[in-house]
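Written below as structure tokens is the structure these notes are about.
The values are calculated or read from the model by the stated rules, or taken from the named source; none is laboratory data. Computed from a prediction, not measured in an experiment: that's the story for all the values here. Every residue, glycine as well, gets a Cβ built from its backbone with ideal geometry; the counts of neighbours run over all protein chains shown. These accessible areas exclude ligands, DNA and RNA; they are computed on the full protein's heavy atoms, side chains included. Shrake-Rupley method; radii C 1.70, N 1.55, O 1.52, S 1.80 Å.
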Amino acid sequence: MLKNLNLLKTHGYINGQWVGDNVKSRFDVTNAYTNEVISTLPDMGKKETDEAILAANAAWPEWRSRTAKERAAILKKWFDLIMSNQEDLAMLMTAEQGKPLAEARGEVGYGASFIEWFAEEGKRTYGDVIPTPANDRRILVIKQPIGVVASITPWNFPIAMITRKCAPALAAGCPVVIKPAAETPLSALAIAELADQAGIPKGIINVIVGTNSSEIGLALTDSKIVRKLSFTGSTAVGKILTRNCADTMKKVSMELGGNAPFIVFDDADIDAAVAGAMISKFRNTGQTCVCTNRFLVQEGIYEEFVKRLADAVKTLNVGNGMDEGVNQGPLISLKALDKVKDHLSDAVDRGAVIVAGGKPHQNGGTMFEPTVVSNVDSSMKIASEETFGPLAPIFKFSTEQEAIDMANDTEFGLASYFFTNDINRIWRVSEALEYGMVGVNEGVISNEVAPFGGIKESGLGREGSHYGIDDFLELKYICMGGLK
Ligand code: ADP
């Protein structure tokens, strides 16, 4: 039960108002574990999205005219309010998304950290004075907010994927129109309520809730007013949205799928590697875009690693994320469950051996036993497709070069991990991996100070860090001529 019932919303949020009573249909948001209806929301579409875009554009001039320091003070209040409501926000998130409460608390803190960070970074969007090529001219570069930002976000991190986009946008002086995933809109609406309480002006944050994502998506991408789209989600949808942004030449940021390798070399600290493997693979029940998809283990340590990982996996506790001691929640949908089943049966048909788990969990619903399979090879779907569930396939390799080649043999390039104690190898492999992010002897690498993002078909742009605000700023070159 929430302490602050005002955080549980039944409307969308446009121009500082809780709206949607006149929207003709509504949709249910359900508890990921019990399936009970938590709230019912207006099923918004193009009309409401267009209204939100106009409201954002109208609010923009006043917001951009404030100093970064003034904006930072308001963002800091938003951060404080999120942290003081951490427990309620975590419960809401666990209810609609399913992740264990401890992880949800962690996400609230992680999500809030972007607001604190970018409140500060907004003050440091320095320009340049460039040495002139002619004495009668001076050459300056300033950075200005890009304009109305659209942000389309997934269900796996219902708060952090929003704040990672909106905090830099707001700090830079841009208004935002957010479209959260239909599975997890309540977390988005709850933080919008806190933004309102923090004094973020009306129209600067808008939240469109609805199940017709392509209709809302098209309203955002077709709009001439929206100047930037920041998306986190699947590569397939990211490609559609990027294409749809071409006609208005919007700037895009795309945080898309991955196929993360986790390499364990013979010389690794095996305790650290198993601990890193557990958190990297099973966090959020395997449903993060940086979750390990493929374990690549050197032959000398292979048998031991398989056994140690299987033993650790058998201790995981699957159930209702609200319950004490549960560290694996349900999958987000039956479709997600089917994908895990399909990847597993395809692997088994091709010779993989199940060493832990291997079937739907006795609790039913969308739960699957945390699973480890060995004897896997590159012909299997798990080698090339993102499973997004609690299935850990362990591949074997002999040489360092073979591991690098296997790791890079994918169209994706988001996160990668490897464990070794050889300093020379650390540099060689870090530089050879074709990924936006590399964890060395680390299984979790996301934080607000580091640039998160992928290369190849994993996306465009970086979020977090001092780089993360650039995507919401335009450069303007000013040439002052005729100087005597
Ligand atoms: P996931 O597999 O994580 O659900 P999606 O890419 O399907 O990934 O969803 C991520 C976000 O994109 C969600 O908010 C979803 O509603 C939205 N989305 C899905 N399809 C479209 C689309 N055609 N246009 C705009 N947004 C979409």
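Look at residue 326 and say whether it is open to solvent by 10 Å² or more (accessible area, probe 1.4 Å) and touching a Lys or Arg at 6+ places or on another chain (Cβ under 7 Å). Judged against the criteria, residue 326 is not a match.
Hey, can you tell me all the residues within the range 115-162 that are farther than 20 Å from residue 75 by Cα, away from the ligand (no atom under 16 Å from the Cβ) and among the hydroxyl-bearing types (Ser, Thr, Tyr)? Hit for the range 115-162 is 132, nothing else.
For the range 353-390, filtered to residues that are surrounded by fewer than 19 Cβ atoms within 10 Å (Cβ to Cβ), without any contact (Cβ under 8 Å) to a residue 40 or more places away in the chain and closer than 13 Å to residue 294 by Cβ, the residue that is nearest to the ligand (Cβ to nearest atom) is 381. Kindly indicate whether residue 184 is closer than 22 Å to residue 449 by Cβ, open to solvent by less than 10 Å² (accessible area, probe 1.4 Å) and among the hydroxyl-bearing types (Ser, Thr, Tyr). No; evaluated as a whole, the condition is false for this residue.
Scanning the range 163-185 for residues that are in a helix (DSSP H, G or I) and within 16 Å of the ligand (Cβ to nearest atom) yields 163, 164, 165, 166, 185. Quick one: would you say residue 178 is open to solvent by less than 40 Å² (accessible area, probe 1.4 Å), of a type outside the set (Asp, Glu) and without any contact (Cβ under 8 Å) to a residue 40 or more places away in the chain? Criteria met by residue 178.
Filter the range 240-257 down to the residues that are in a helix (DSSP H, G or I) and near the ligand (Cβ under 10 Å from one of its atoms), then identify the one that is most open to solvent (accessible area, probe 1.4 Å). In this case the residue turns out to be 240. Taking the range 196-237 as the range and being within 9 Å of the ligand (Cβ to nearest atom) and either open to solvent by less than 10 Å² (accessible area, probe 1.4 Å) or part of a strand (DSSP E or B) (or both) as the test, the residues that pass are 210, 216, 217, 220, 221, 231, 232.
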